[in-house]
1. What whole-number value in cubic angstrom gives the convex hull volume per residue for the C-alpha atoms of region 176-250?
2. Please list Arg211, Arg191, Arg32 from largest to smallest accessible area, probe radius 1.4 Å, with all protein chains kept in place.
3. Taking N as the number of residues in region 223-264, what is its Cα Rg relative to 2.2 N^0.38 Å?
4. Please quote Rg/Rh for region 1-110 to two decimal places, taking the Kirkwood radius as Rh and restricting both calculations to Cα atoms.
Amino acid sequence: MLFAGKVFSQDFSATLDSSEMLIGSRATLTLRAKSINNIVFPVIKDSLSNLKVLSKSKIDTLDDNTLQQSIIFTALDSGTYAISPLVIIEIDKQQNSKVHITKSLSINIKSPDISKMKDINTIKPARTMQRSIWEYWYYVAIPLLLIIALVIYLKFFKKKKVTPIAVEEKREIVIDPKAWLNDELNSLKSRQLWLAKEYKQHFSLLSDALRRYFELKFSIPTMEETTPNIAILLKTRIAESELETLMGILNQADLVKFAKHTPSDEDAMNTLNAAISLSEKI
């Protein structure tokens, strides 16, 4: 059966390591309990009878079945502080409990005795130290070096003439469209690409040469235009018969380039000769 009773015993005690201390110092409260039974120590939080608890040790087991815990505390004000009795509970194997109450304790917190302190002297005025003139050498040296550097620059670099870099004038290259076209057509004739069955390349070069000629001659974008649009652009610039011949050559070239038409060697030569004959008229 569980029962409880209050017991005063020397085996359950609380002791202080000092009866007095200065404000801000530290003191230690030690709790001890000697028993073969289970012991429950009091729960101490952040304060102990208006004393500030700084730390609590773990409950250590000493010899002779003695348990011990240390509580370190301090005080922030002077005066006598009474530490109330603390309760330690002992529980035996039959779950019977006994309550042990420690003796009340007290500790005297003292303020520091300032009467024995030395007199506080006033702050002495700052002393002016005499400095040698050599300690200011850089105030003279740095401006002097800047002046020397400026004189050297003005004497050797400022008066030096910068030789202008000759810029080559860009000359506009004037191309004679007719001479250029004749060269292109004669070169194409000498290559005889149809013999190697390079019909597509042959007609492409032929079409590009004629388109480029009219672009140079009339400053119109014939290289980007379709064959029907070229006919519109040139309608008022060349004779109708010449325009008809040109359209026949360009249409033949379009068939080979885009419609995958396979011409004969005779078609390739006849178309080239027609272009050469046209170049003599336009």
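1. 87
2. Arg191, Arg32, Arg211
3. On the way: Rg = 11.3 Å, N = 42, 2.2 N^0.38 = 9.1 Å.
So region 223-264 has a normalised radius of gyration of 1.24.
4. Details: Rg = 14.9 Å, Rh = 14.7 Å.
With Rg and the Kirkwood Rh in hand, the quotient comes to 1.01.
The values are calculated or read from the model by the stated rules, or taken from the named source; none is laboratory data. Given the structure is predicted, the values throughout are model-derived calculations rather than measurements. Please note that ligands, DNA and RNA were not included when accessible areas were found on the heavy atoms of the full protein model with its side chains. Shrake-Rupley method; radii C 1.70, N 1.55, O 1.52, S 1.80 Å.
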